[in-house]
Amino acid sequence: MTETAEIGRDPEVFEAFYREHIERIQRFVARRVDDPYLAADLTADVFLAAIDAASGYRVNLGTPIGWLYGIARNVVSAEKRRQARELRANQRISGRRLLTADDVIRLEERIDAEASARALLQAMSELPDGERAALELVALDGLPPEDAARVLGIRLPTLRVRLHRARGRLRSQSLHLVPTHPEMTP
């Protein structure tokens, strides 16, 4: 059994896992939302979901951060669907009481630091879903293509085709904001 699989049972293992991955998950979330309270809630939800899913983690399906990005992607997507159905004002207001002024400042700084990535994500919103998801995971979140393919549940050659198409579409729109990853080229 891997250490990652133990995060749901061993508080010390969870704490080490959390400390190792919190920064990357906060950046992932901050690129996708612009409200510090919602960012804090979604980051917490990612780690709660990881605790619940830990017993099913398998090393042969990818790295712990790849697995965690898959969970984060699902958590953020679920939140966006919920926002489309109803206003979540009461929940966001109650979540604000849990944050200190320093927490809010730190999250606002993180959100500001990710502003250009949010602008790129906005430009990418016109890409087909599969191409956009592949580009986000590899170019923005820095996952190796193998892990990104696992997160998306597709084969590596399919991921590479999606990356190539997405980059081509963005280039044709004169958007040269796309960071490249050494393994992105097919």
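The values are calculated or read from the model by the stated rules, or taken from the named source; none is laboratory data. Bear in mind the structure is a predicted one, so any value in this text is a computation, not a measurement. For neighbour counting, all protein chains shown are included, and Cβ atoms are generated from backbone atoms with ideal geometry for every residue, glycine included. Note: accessible area is taken over every heavy atom of the protein model, side chains too, but ligands, DNA and RNA are not part of it. Shrake-Rupley method; radii C 1.70, N 1.55, O 1.52, S 1.80 Å.
Report, by residue number, each residue of segment 100-113 that is touching a residue at least 24 places away in the same chain (Cβ under 8 Å) and either open to solvent by 60 Å² or more (accessible area, probe 1.4 Å) or of a type in the set (Val, Ile, Thr) (or both).
Listed by number, the residues that qualify are Val104, Glu108, Ile111, Ala113.
Could you list, in sequence order, the residues of segment 66-93 that are at pLDDT below 75 and of a type in the set (D, E, K, R)?
If the condition is that a residue be at pLDDT below 75 and of a type in the set (D, E, K, R), then Arg85, Glu86, Arg88, Arg92 are the ones that fit.
Among the residues of segment 44-65, how many are open to solvent by 10 Å² or more (accessible area, probe 1.4 Å), at negative phi and under 16 Å from the mean Cα position of the chain (by Cα)?
Number of matching residues: 7.
Do you know which residues across segment 1-32 are in a loop (DSSP other than H, G, I, E, B) and surrounded by fewer than 21 Cβ atoms within 10 Å (Cβ to Cβ)?
Once the filter is applied, which keeps residues that are in a loop (DSSP other than H, G, I, E, B) and surrounded by fewer than 21 Cβ atoms within 10 Å (Cβ to Cβ), segment 1-32 yields Met1, Thr2, Glu3, Gly8, Arg9, Asp10.
Considering segment 129-143 alone, what residues qualify as being in contact (Cβ under 8 Å) with a residue 24 or more places away in the chain and more than 14 Å from the chain's Cα centre (by Cα)?
Within segment 129-143, Gly130, Glu131 qualify.
From the list Glu3, Glu114, which residue is under 29 Å from Ile154 (Cβ atoms), within 13 Å of the chain's Cα centre (by Cα) and at pLDDT below 95?
Among Glu3, Glu114, only Glu114 is under 29 Å from Ile154 (Cβ atoms), within 13 Å of the chain's Cα centre (by Cα) and at pLDDT below 95.
Please go through segment 114-156 and pick out each residue that is of a type in the set (Gly, Ala, Ser) and open to solvent by less than 40 Å² (accessible area, probe 1.4 Å).
Ala117, Ala123, Gly130, Ala133, Ala134, Ala139, Gly142, Ala148, Ala149
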